[in-house]
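*Asks:* Below are the structure tokens for one structure; questions will follow.
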Amino acid sequence: MDNNRRPDNMTRITTPELANAFIDEQVKLLREQIGSSKVLLALSGGVDSSVVAALLIKAVGDQLVAVHVNHGLLRKGEPEQVQKVFRDEMKANLIYVDAVDRFLDKLAGVTDPEQKRMIIGGEFIEVFAEEARKLDGIKFLAQGTIWPDILESEKGIKAHHNAGGLPADLQFELVEPVKILFKDEVRAVGSALGLPDSMVYRQPFPGPGLGVRCPGAITRDRLEAVRESDAIVREEFAKNGLQGKVWQYFTVVPDFKSTGIKNGERCFEWPVIIRAVNTRDAMTATVENIPFELMQHITDRIVNEVKGVNRVLYDFTPKPTATIEYE
Ligand code: XMP
């Protein structure tokens with residue numbers, strides 16, 4: 001059988017029993033493939049890389065070296081959660097790299113969204129490669145490639161973002177244990193492996209992170225306003241039963257200010273833009289109808305709790321004409 005392809009008759013993994021059967025089979029295959037060698041993984045804390053990490057910990061324990069790069073564009077609490085779940089609870093061999101200054105210094109003054117993406121992507125590879133070069137005896141590179149990635153790259157829709165990218169001196173054999181799974185199956189496997197729901201059922205989050213939600217040149221204070229307002233929106237959506245119901249919801253802080261009043265005095269501060277959309281395939285999207293009272297409550301919290309913000313706006317634009325992200 002070709003292990004690289006999803007068999008046509010494969011049962012969709014929808015239950016813990018099916019997930020456990022998949023896990024047992026993969027653990028066996030991973031042990032056969034990896035033997036006593038070491039395997040490296042870039043662990044972002046997203047669903048796919050987290051599930052791959054958990055599978056590898058189960059299969060080969062501390063032969064896995066997981067590298068978590070904090071590029072300064074992660075959401076509130078994410079680097080802490082990765083360390084808590086993987087280092088403290090699962091006892092993984094986790095290398096945490098604080099690269100916040102490095103990324104933000106490189107991004108200083110850069111306004112073009114494509115250039116920002118290039119810098120973030122390029123710097124990520126550099127940081128990861130530097131860590132890889134410090135390690136001895138790594139033979140394998142694990143990746144969270146999933147079945148839609150393979151289908152989309154075959155159809156020429158998008159370049160398969162996982163494949164390659166590392167400099168020529170770093171050539172590893174690939175380990176891709178979830179490559180025949182659809183996203184919902186990856187989630188089922190993640191739950192069966194004991195990963196927390198907040199990790200397994202989280203909304204999509206782009207690789208360049210909050211960098212695409214801080215339009216124009218990124219500054220540390222405006223990035224902080226994005227991070228804090230995003231945390232409030234996530235908290236309120238979870239409290240009000242919208243988590244898991246709305247595809248994606250987040251905030252953006254554009255780089256302009258306007259006049260307002262705080263404590264009886266004039267202030268000149270940013271607006272926060274809230275975006276909440278639904279989609280099936282991210283090619284088109286509709287805007288979620290958020291209850292007005294909830295929007296008022298979120299607005300109240302944001303203008304009172306987030307430094308440098310005096311207004312809250314809602315983005316009513318579907319995709320098209322807008323994209324889901326706002327950059
Ligand atoms: P747009 O903004 O193009 O986004 O309508 C469509 C979906 O893709 C996500 N997105 C990304 N995901 N790396 C990712 O892994 C990226 O660079 C990236 N850019 C956008 C976006 O969040 C939405 O779900």
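The values are calculated or read from the model by the stated rules, or taken from the named source; none is laboratory data. None of these values were measured; they are calculated from a predicted model. Cβ sites come from the backbone with ideal geometry, for glycine too, and all protein chains shown count toward neighbours. Protein only, heavy atoms only, side chains kept; ligands, DNA and RNA dropped before computing areas. Shrake-Rupley method; radii C 1.70, N 1.55, O 1.52, S 1.80 Å.
*Asks:* Sorted by packing (mean other beta-carbon atoms within 10 Å per residue), highest first, where do 299-307, 223-231, 278-286 land?
*Replies:* Top of the packing list down: 223-231, 299-307, 278-286.
*Asks:* Quick one: compute the contact order of the chain, relative version, from alpha carbon pairs under 8 angstrom and 6+ residues apart, as a percent.
*Replies:* Answer for the chain is 17 percent.
*Asks:* What whole number of Å gives the distance from the Cα centroid of the stretch 230-276 to the Cα centroid of the stretch 108-142?
*Replies:* About 30 Å separates the Cα centre of the stretch 108-142 from the one of the stretch 230-276.
*Asks:* By how many degrees, 0 to 90 and rounded to 10, does the Cα axis of helix 113-134 deviate from the longest principal axis of the chain?
*Replies:* Once rounded, one gets 40 degrees.
*Asks:* Kindly sort 68, 297 by accessible area of their heavy atoms, largest first, with the probe set to 1.4 Å.
*Replies:* Result, largest first: 297, 68.
*Asks:* If you line up the long axis of helix 220-239 against the longest principal axis of the chain, both from Cα atoms, how many degrees apart are they, to the nearest 10?
*Replies:* Computed tilt is about 80 degrees.
*Asks:* Ok, one more. Ordering 96, 314, 201, 249 from largest to smallest accessible area (1.4 angstrom probe), what's the sequence?
*Replies:* Details: 96 70, 314 45, 201 120, 249 10 Å².
The ordering from most to least exposed comes out as 201, 96, 314, 249.
*Asks:* Using alpha-carbon pairs under 8 Å, 6+ residues apart, how would you state the relative contact order of the stretch 183-256 in percent? Intermediate results must be reported in sequence, preceding the final value.
*Replies:* On the way: 52 pairs, mean separation 26.2, N = 74.
Relative contact order comes out at 35 percent.
*Asks:* Okay, helix-only estimate at 222 nm for the chain: each DSSP H run of n ≥ 4 adds -39500 (n - 2.57), divide by all residues, round to 500 deg cm²/dmol; what do you get?
*Replies:* Counting only the DSSP helices, I get -12000 deg cm²/dmol.
*Asks:* Relative contact order, percent, of the stretch 1-96 when contacts are C-alpha pairs under 8 Å separated by at least 6 residues?
*Replies:* Working: 90 pairs, mean separation 23.5, N = 96.
Contact order relative to length: 24 percent.
*Asks:* Oh, and also: By how many nm would the segment from residue 91 to residue 117 lengthen if fully extended, with 0.36 nm per residue of separation less the alpha-carbon distance? Intermediate results must be reported in sequence, preceding the final value.
*Replies:* Values: separation 26, 0.36 × 26 = 9.36 nm, distance 3.30 nm.
Here the segment from residue 91 to residue 117 would lengthen by 6.1 nm.
*Asks:* Tell me whether the chain comes out rounded, prolate or oblate; compute the Cα gyration tensor, take square roots of the eigenvalues as a ≥ b ≥ c, and use a/c under 1.5 as the rounded threshold.
*Replies:* prolate
*Asks:* Something else about it: Under 5 Å between amide H atoms, partner at least 5 residues away or on a different chain: which partners does residue 64 have, H built in plane at 1.01 Å?
*Replies:* Counting only residues 5 or more places away or on other chains, the set is 39.
*Asks:* Note down the net charge around residue 196, summing +1 for each Lys or Arg and -1 for each Asp or Glu among other residues with Cβ under 14 Å from its Cβ. Present the calculation step by step, with values, prior to reporting the outcome.
*Replies:* Numbers: positive: 84, 187, 202; negative: 78, 80, 88, 89, 197.
Computed value for this residue: -2.
*Asks:* Another question, if that's okay. Heavy atoms only, 1.4 Å probe, whole protein assembly: order 247, 147 by accessible area, highest first.
*Replies:* Greatest to least solvent exposure: 247, 147.
*Asks:* Between helix 47-60 and the chain, what is the angle of the helix's C-alpha long axis to the longest principal axis, kept within 0 to 90° and rounded to the nearest 10?
*Replies:* 30 degrees
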